[in-house]
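Here the structure comes first, spelled out in structure tokens, and everything after it is commentary.
The values are calculated or read from the model by the stated rules, or taken from the named source; none is laboratory data. On a predicted model such as this, the values are computed, not experimentally measured, just so you know. For neighbour counting, all protein chains shown are included, and Cβ atoms are generated from backbone atoms with ideal geometry for every residue, glycine included.
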Amino acid sequence: MRVCSLASVQNCIELGQPLQFSVRDEGRLLLLAKGQVIADQRQLEDLFRRGALVEADELVGLVPVARRGTPPQRPAALSRAWDRCAQDMRQLFNTEPAALAEAIDGATDELLGLIQAAPALALSRVVRQPSSGGGHYGVRHSIHAATACQAAARFLGWSDSDQRRAFQAALTMNIAMVDLQARLATQVSPLTARQREAIHEHPHRGAQMLADAGIRDEAWLQAVRLHHELPDGSGYPAGTSERSELAEMLRFADVYTARLSDRADRPAISARQAGRELHQMAAASPLAGALIKAFGIFPPGSVVRLVSGEMGIVVRNGEKAYHPHVAILTTATGEPRLSPKLADTSRDSHAVSALLPAHAMPMLISEETIAGLIAAA
């Protein structure tokens, strides 16, 4: 039984109205049958805290109530759902082969549900990667690369099924070295011979692990096998010039999102810098261009300083790349504001003067707060 969290589909819930699906607890026991009612916000938040689940099969064809003019998503619950998904993904990578394909489908349903509920929040989760204490690096990187691939595929107008394939291929491209990735993120010593061998072989081994688990989508498997191969044949593991559009998408997302995260041997760079590096690497590729444009120069979640001296968080892209909408959080002297102020940076008085690292903000801002700012924009 494939399931996803209730929080990830909250835009299909209308308080006081019959449910379009049943709701289960973490043990898969029925809490509310289809047609029953969630009476109020308090009951809904209680279900979120209990980790309530929904069967994915019951969601086919549903229309989010948000499209019918109901209130927007609950940002705190969405932020918690993202954190819970990262925890679940750690278990997925240790799943037995017989259950792996179903586990991947379940994780995909849940994560794509969160992306659909709040696309800007999904991008901010990639941009605002923690410098330390942010959980398992290999797991986080898999989610971030998959999110980036789906965003680029959506920008290019790919079909829903092709977007899903891109997401799943990126989510699993490093399945054979997820734990090694986590170790390498904090390792300052040179690679050992065994580590080099594991890195060199992980595309082939990963594709074989997926095939052994029952994955039969050849485009998906091919993309995992080829995502480190290069057009001139200088890549690995086969050193072939064989190409796949999806494999190239995976390679670009892998590089782009990795550069947004701190490593022991190098600091993270901004999305703008990562975009420049990707452009230099593959300027002629529409796939690289789509990924860069999907995030934008100032992606949601970025910290910026305005010409006024005030600082804030980008909450959504504007009509032009250099004019994002910003929630101003400090005064010109760096003092925290009592309440955020939304600014359109296309106005000269609120133009962006600098893109800053997340730690430049003079006060600590929780991810739930960031989610709330983005949802309110």
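Could you grab me the full set of residues in the range 6-51 that are touching an Asp or Glu at 6+ places or on another chain (Cβ under 6 Å) and not in a loop (DSSP other than H, G, I, E, B)? Within the range 6-51, Ser8, Leu31 meet the criteria. Quick check on the range 313-326. Is at least one of its residues within 19 Å of Ser124 (Cβ to Cβ) and either more than 25 Å from the chain's Cα centre (by Cα) or small (Gly, Ala, Ser) (or both)? Yes, the range 313-326 contains at least one residue that is within 19 Å of Ser124 (Cβ to Cβ) and either more than 25 Å from the chain's Cα centre (by Cα) or small (Gly, Ala, Ser) (or both).
Of all residues in the range 336-365, those that are without any contact (Cβ under 8 Å) to a residue 60 or more places away in the chain and either in contact with a Pro (Cβ under 8 Å, 6 or more places away or on another chain) or not aliphatic (A, V, I, L, M) (or both) total 16.
Just one residue in the set Ala343, Ala288, Ala284 is of a type in the set (A, V, I, L, M, F, W, C), surrounded by fewer than 15 Cβ atoms within 10 Å (Cβ to Cβ) and either within 30 Å of His227 (Cβ to Cβ) or outside the structural domain of Gln163 (by TED's automatic domain parsing) (or both); that residue is Ala284.
For the condition touching a residue at least 60 places away in the same chain (Cβ under 8 Å) and within 21 Å of Pro97 (Cβ to Cβ), Met209 qualifies.
Just so you know, in the range 346-377 the residues that are part of a loop (DSSP other than H, G, I, E, B), out of contact with any His (no Cβ under 7 Å at 6 or more places or on another chain) and surrounded by 14 or more Cβ atoms within 10 Å (Cβ to Cβ) include one that is modelled with the lowest pLDDT, and it is Pro357. Any residue in the range 308-329 that is in a helix (DSSP H, G or I) and either surrounded by 19 or more Cβ atoms within 10 Å (Cβ to Cβ) or touching a Phe, Trp or Tyr at 6+ places or on another chain (Cβ under 6 Å) (or both)? Checked against the condition, which is being in a helix (DSSP H, G or I) and either surrounded by 19 or more Cβ atoms within 10 Å (Cβ to Cβ) or touching a Phe, Trp or Tyr at 6+ places or on another chain (Cβ under 6 Å) (or both), the range 308-329 yields no hits at all. Looking across the range 85-143, just one residue is more than 28 Å from Leu184 (Cα to Cα) and among the β-branched types (Val, Ile, Thr), and that is Ile115.
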